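Single-structure report; data block below.
All of the numbers you see were taken from the coordinates with simple rules; none came from a lab. Predicted model, so just to flag it, every value in this text is computed and none were measured. In this analysis, Cβ positions are derived from the backbone assuming ideal geometry, glycine residues included, and neighbour counts consider all displayed protein chains.
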Amino acid sequence: MIRLEQNPEQCRALWNAASPGKGPWDDWKLMSAFHDPKLHTLHFLVREETGQSTSLLPLVQDTENDRFLLYGGSYPDARVLWVEYAHFPEFFEQLPDRTRFFDLKGSWVDGLLAAWPEFGPYFAEEEQRYFLRPSRFDFDFDNHIRTFSPDKRQGFMYDLRKIRERGPVLIWGDGDESELFAELSNRNFGAESDYASDSGRRELGRVIGELRRTGNLRTLTIEIGGSKQAVSMSLHYGDLWISLYAAGNREFKNVGKLLNVETIQEACRRRVSEINYMTGMQWKEAWDMESESCRTMRKPPNLPESDSAPAPD
């Protein structure tokens, strides 16, 4: 039997019982930072046998956008549902219309569709998650750059040299630079920025606050001429590094390239096993990052493209 649970304490207990605890997206407190109680209503679906929970789909109703999402919203990527393949049809019947599971791990979806091919149309939307494994280039990104074609490598190094000639000052720490990030993102993307809205800025503040609380925030700012012109804020979780937020002032050509190179090098110095650059944006493929499939489920399928999740800034 599948039942609905909306009590916050019960939902937390169900999450902690079901979570495999393997990565940041399994962490209740971090995912709660992505949760906006002003806009999201808990809607946890739990499967029980003889009074014991066996599977959990932790949903929320997103009242701002009239849809149902996984707890934590649409930003976290490569997630896996805590549901056995055999029980998925039973859960699917209980999913409300306008349910969206953004960027599920593609290999998990492949296994599901091998068992239940009839659900294929609901998982038609595909993205790529981009990542680097520093051990493959001996924990030095310069070695990765050397694998580029001669023309590409020459252009890449020229761009870095020109921005470095402007005397950038790199400052690493654990500071909250969410206001700077939001300002740069909004300047670059205008109304399309995820942080042009009050809800987007609230989420940003909650997430950065949680990362500072746990000591998992890694912040890089780049100053040019005495002013901050670029910022990245990353999550360092065990041996995993996730580049969550990054933005630069486009008036300073290639400051964004320098920001990403230096962020990658810091992750290499910390000897992480993977640097996750998440989904979207073509420059990641141009940098020869590895990638894996992520699939989005929509019920019903084939809604207009405008309903898709916005790309992160």
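Cα centroid separation, segment 15-88 to segment 209-258: 28 Å. Here is how the number arises for the chain: DSSP H runs of 4 or more residues each give -39500 (n - 2.57), the sum is divided by the residue count, and the result at 222 nm is -10000 deg cm²/dmol. Partner lysines whose Cα lies under 18 Å from the Cα of K105, excluding those fewer than 8 positions away in the same chain, are identified as K22, K299.
From the Cα gyration tensor of segment 178-275, with a ≥ b ≥ c the square roots of its eigenvalues, which class applies: rounded if a/c is under 1.5, or else prolate if a/b is larger than b/c, or else oblate?
The shape class here is oblate.
In a simple Cβ point-charge model (Lys, Arg +1; Asp, Glu -1; nothing else charged), the chain has a dipole of about 920 debye relative to its Cα centre. Rounded to the nearest 10 degrees, the angle from helix 255-269 to the longest Cα principal axis of the chain is 70 degrees. The relative contact order of the chain comes to 22 percent, based on Cα pairs under 8 Å that sit 6 or more residues apart.
Once the chain from D110 to F189 is taken as fully extended at 0.36 nm per residue, the excess over their C-alpha distance is 25.0 nm. Relative to the longest principal axis of the Cα atoms of the chain, the long axis of helix 198-214 makes an angle of roughly 80 degrees. In units of the compact-protein estimate 2.2 N^0.38 Å, the chain shows a Cα radius of gyration of 1.05.
Helix 106-115: angle to the longest alpha-carbon principal axis of the chain, degrees 0 to 90, nearest 10? It is inclined by approximately 30 degrees.
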